[in-house]
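Here is the structure we will look at, set down as structure tokens.
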Amino acid sequence: MNPFISICIPAYKNKEYLEILLKSIVAQDFKDYEVVVTDDSPDDSVEEACNSYRNILPLVYQRNQPAKGSPANWNAAIALAKGQWIKLMHDDDWFAGNKSLQHFAEAAQADSTAGFIFSGYARYENGVLKSDHPVQAYSRKKLADSPLSLFASNFIGHPSVTMVKNNRVDWYDERTKWVVDFEFYIRCLHTEKFHIITEPLINIGINDEQITKAVFRDPDVEIPENLYLLEKMGTGILENIKVYDHYWRMFRNLGIRNFAAIENHSRGYTLPLELKKMLRFQFKIPLGILKIGPFSKALMAISRMK
């Protein structure tokens with residue numbers, strides 16, 4: 001019989017962190033799972049770590065040749081999964097306790113209508129606990145109002161905190177890196193009911209090699225990906241104030257002050273009329289004023305009404 005949960009691990013070089021994750025899987029009380037590792041590493045370190053666990057875990061290993069990159073490697077792991085549920089785990093994250101997977105499984109069994117489950121998490125940097133992030137009460141209301149609320153803030157968090165029913169053909173969009181997680185959540189939540197586990201069940205490891213750090217405030221990534229989102233989802237989403245504010249903040253934070261700069265970074269994506277109108281208004285305001293939070297919010301609201 002197929003396992004209840006497939007723990008899918010897209011790996012890349014992080015042998016030390018991967019071993020922490022694999023140890024945390026071994027420690028789980030809930031045992032109806034498989035482990036799928038797809039490896040983008042240029043060396044044998046990840047494969048060696050997996051080989052040492054083959055007699056302990058129901059583990060499937062695949063080396064990607066050539067390397068697929070993120071998020072294609074995520075999808076490669078999911079494609080090999082046979083479980084009823086997909087529990088994506090990045091190789092630098094790990095389960096917070098030995099009952100973490102059991103709590104996910106119990107949530108799935110208790111709420112048969114849910115197709116998307118997520119929990120709170122704890123954030124670690126270089127092995128040191130930095131902060132706890134239980135799911136806040138407002139998250140339920142915001143998601144119930146509209147999944148587009150995630151444009152304002154990705155309050156769900158990293159993909160490792162999620163578990164998704166394995167009934168999809170459209171997983172993570174390989175044309176994205178910066179918006180890849182919340183774009184998938186929005187798309188998923190348009191068709192799936194969500195279930196929240198408030199307590200932190202996952203430890204998130206923060207390190208300097210993460211994709212999000214590499215592309216943070218990079219206009220060559222943020223601008224084309226966000227224009228692609230409008231092309232994919234439709235400019236009608238700009239009617240949602242959280243979405244409108246997301247684009248307002250993006251251009252402000254990148255320090256964009258003219259249309260030529262946008263064209264230089266757009267990779268051929270078209271700037272819709274709605275954003276042109278927003279930016280004509282924004283360009284008239286000194287950047288120093290735009291970066292003062294309350295003023296920026298007020299000006300954004302005025303721009304939206306024009």
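The residue of region 59-110 that is surrounded by the fewest Cβ atoms within 10 Å (Cβ to Cβ), among those that are touching a helix residue (DSSP H, G or I) at 6+ places or on another chain (Cβ under 6 Å) and charged (D, E, K, R), is LYS68. Can you pull out the residues in region 64-95 that are more than 19 Å from the chain's Cα centre (by Cα) and either within 20 Å of TYR17 (Cβ to Cβ) or polar (S, T, N, Q) (or both)? Of everything in region 64-95, those that are more than 19 Å from the chain's Cα centre (by Cα) and either within 20 Å of TYR17 (Cβ to Cβ) or polar (S, T, N, Q) (or both) turn out to be ASN64, GLN65, ALA67, GLN84. Restricting attention to region 83-90, does a residue exist that is outside any loop (DSSP other than H, G, I, E, B) and charged (D, E, K, R)? Yes, region 83-90 contains at least one residue that is outside any loop (DSSP other than H, G, I, E, B) and charged (D, E, K, R). A search for C-beta distances below 7 Å between a residue of region 65-88 that is under 14 Å from VAL35 (Cα atoms) and in contact (Cβ under 8 Å) with a residue 40 or more places away in the chain and any residue that is open to solvent by 20 Å² or more (accessible area, probe 1.4 Å) and of a type in the set (A, V, I, L, M, F, W, C), counting only pairs 6+ apart in sequence or on different chains, returns ILE78/TRP171; LEU80/VAL60; GLY83/PHE4; GLN84/PHE4; TRP85/PHE4; LEU88/TRP74.
Inspect all residues belonging to region 140-150 and state whether any of them is of a type in the set (Gly, Ala, Ser) and within 24 Å of ASN75 (Cα to Cα). Within region 140-150 (the criterion being of a type in the set (Gly, Ala, Ser) and within 24 Å of ASN75 (Cα to Cα)), the answer is no, since none of the residues qualifies. Selection over region 18-30 of residues that are part of a helix (DSSP H, G or I) and either in contact with a helix residue (DSSP H, G or I) (Cβ under 7 Å, 6 or more places away or on another chain) or surrounded by 21 or more Cβ atoms within 10 Å (Cβ to Cβ) (or both) gives a count of 5.
Flag not set for SER139, criterion: open to solvent by less than 40 Å² (accessible area, probe 1.4 Å) and farther than 22 Å from LEU88 by Cβ. Selection of strands (runs of 3 or more DSSP E) fully inside region 119-219 by the criterion of at least 2 residues being farther than 25 Å from ALA81 by Cβ returns 128-133, 193-206.
Screening LYS297 with (1) farther than 23 Å from LYS142 by Cβ; (2) of a type outside the set (Ser, Thr, Tyr); (3) exposed (fewer than 15 other Cβ atoms within 10 Å of the Cβ) gives one miss only, at (1).
Per-residue answers, yes or no, for (1) closer than 23 Å to SER70 by Cβ; (2) in contact with a Gly (Cβ under 9 Å, 6 or more places away or on another chain):
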{"position": "ALA105", "(1), (2)": "no, no"}
{"position": "GLY120", "(1), (2)": "no, yes"}
{"position": "LYS142", "(1), (2)": "no, no"}
{"position": "ALA152", "(1), (2)": "no, no"}
{"position": "PHE155", "(1), (2)": "yes, no"}
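Apart from one condition, ARG257 fits all of (1) at positive phi; (2) in contact with a Phe, Trp or Tyr (Cβ under 7 Å, 6 or more places away or on another chain); the exception is (1).
Given the criteria over 20 Å from the mean Cα position of the chain (by Cα), without any contact (Cβ under 8 Å) to a residue 40 or more places away in the chain and not in a helix (DSSP H, G or I), does GLY255 qualify? Judged against the criteria, GLY255 is a match. Hey, can you tell me all the residues within region 258-273 that are assigned to a helix (DSSP H, G or I) and surrounded by 16 or more Cβ atoms within 10 Å (Cβ to Cβ)? Across region 258-273, the qualifying residues are ILE262, HIS265.
The values are calculated or read from the model by the stated rules, or taken from the named source; none is laboratory data. All of these numbers come straight from a predicted model, not from anything done at the bench. Ideal geometry is used to build each Cβ from the backbone, glycine not excepted, and the neighbour counts take in all protein chains shown. Each accessible area value is taken on the protein alone, full model and side chains, heavy atoms only, with ligands, DNA and RNA left out. Shrake-Rupley method; radii C 1.70, N 1.55, O 1.52, S 1.80 Å.
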